[in-house]
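First up is the structure itself, then whatever we jot down about it.
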Amino acid sequence: MTAYQSASNTNARTYSIYGMIESAQTIYMNMTTTDNNGCSASDYLTILVDNCVSLLPSELQNLMLYPNPNKGSFFISGLPESGSISVYSVEGRMISEFEIKQESQSIRLSSPAPGAYRIMIRTEFGERVLKMIVS
């Protein structure tokens, strides 16, 4: 269920949107508003919801990403036998996706921009998000 709430004064309005999601995911939102004079403005918002405090399955507890920070080449160890690794920019755009092939996997991004990235590991046991910095 989603609830909408609005608060306003003479200069600005604030909207709050409440809802439940099942697991970590990226949510994309677009809002456009038009005033009484016909002037309009739009803005986009990307929200990446990480897994909150919970007990991770034992198969995902020992994941390690190193080195961190890095230049776009890194290792992930403690991986299960199968699944996928997705790399997302801080804006929520998928940069790359890889198939899990071994317990310790080397990953090299092609010309990554410096900044923060989120690494989503998806397996039959669940999902886990790791954070990474490219310098």
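The values are calculated or read from the model by the stated rules, or taken from the named source; none is laboratory data. Just so it is clear, the model here is predicted, and its values are computed rather than measured. Cβ placement follows ideal geometry from the backbone for every residue including glycine, while neighbour counts extend to all protein chains displayed.
Side notes on the structure shown:
- Residue in region 16-34 that is polar (S, T, N, Q), modelled with pLDDT of 85 or more and closer than 20 Å to Leu130 by Cβ present: no
- The strands (runs of 3 or more DSSP E) falling completely within region 26-110 that include 3 or more residues that are among the aliphatic types (A, V, I, L, M) and either over 19 Å from Met120 (Cβ atoms) or under 17 Å from the mean Cα position of the chain (by Cα) (or both) map to 40-49.
- Scanning region 35-76 for residues that are among the polar types (S, T, N, Q) and either surrounded by 10 or more Cβ atoms within 10 Å (Cβ to Cβ) or under 15 Å from Val87 (Cα atoms) (or both), we see that the one that is modelled with the lowest pLDDT is Asn51.
- Number of residues in region 110-125 that are of a type in the set (D, E, K, R) and over 14 Å from Phe74 (Cβ atoms) equals 2.
- Conditions (1) exposed (fewer than 12 other Cβ atoms within 10 Å of the Cβ); (2) modelled with pLDDT of 95 or more; number of the one not met by Arg93: (2)
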